Amino acid sequence: MFVIVFSFSMMCGGIWEIYEYVTDGLLGNNAQVFEGFVGRDAIRDTMLDLVCDFAGAVAGGVLAVFLEKKKAKQAKQAENAQVRQVESAETEIVDA
């Protein structure tokens, strides 16, 4: 689950950076400027975006794993409760 969430998040960040690059070239925008810098210094904007994408992807992946484990635990508890209920009903039938 972690790999899927992490990969999807990083893909979205990469697509966004490609979008910024393409619109800057085609439309003459300046989306990739970092605090008024141009050239190599402007790459800081892209790198900062990618670092934030990475941090968010890791956090999202960890959260997804946590929620998946919680869901599995709840399903196991529900299954155990159902088994106990069936066993109780069988015991009542035998006792009757």
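Coordinate-derived values only; no laboratory data. All values derive from a computational prediction rather than experimental measurement. We place every Cβ from the backbone using ideal geometry, glycine too, and count neighbours over all the protein chains shown.
Under the convention that each Lys and Arg Cβ holds +1 and each Asp and Glu Cβ holds -1, the size of the dipole of the chain around its Cα centre is about 200 debye. The three principal axes of the Cα atoms in the chain give end-to-end lengths of 86, 21, 17 Å, sorted in falling order. What the Cβ-Cβ distance of A72 and F8 gives, at R0 = 35 Å and to the nearest 0.05, is a FRET efficiency of 0.95. Specify the angular offset, from 0 to 90 degrees and rounded to the nearest 10, of the alpha carbon long axis of helix 2-27 from the longest principal axis of the alpha carbons in the chain. The angle comes out at about 20 degrees.
When the Gaussian network model of the chain links Cα atoms closer than 10 Å, the mean-square fluctuations of L27, L63, L50 top out at L27. Consider a paramagnetic label point 7 Å from the Cα of L50 along Cα→Cβ; state which residues of region 1-40 have an amide N under 11 Å from it. The answer is 14, 17-18.
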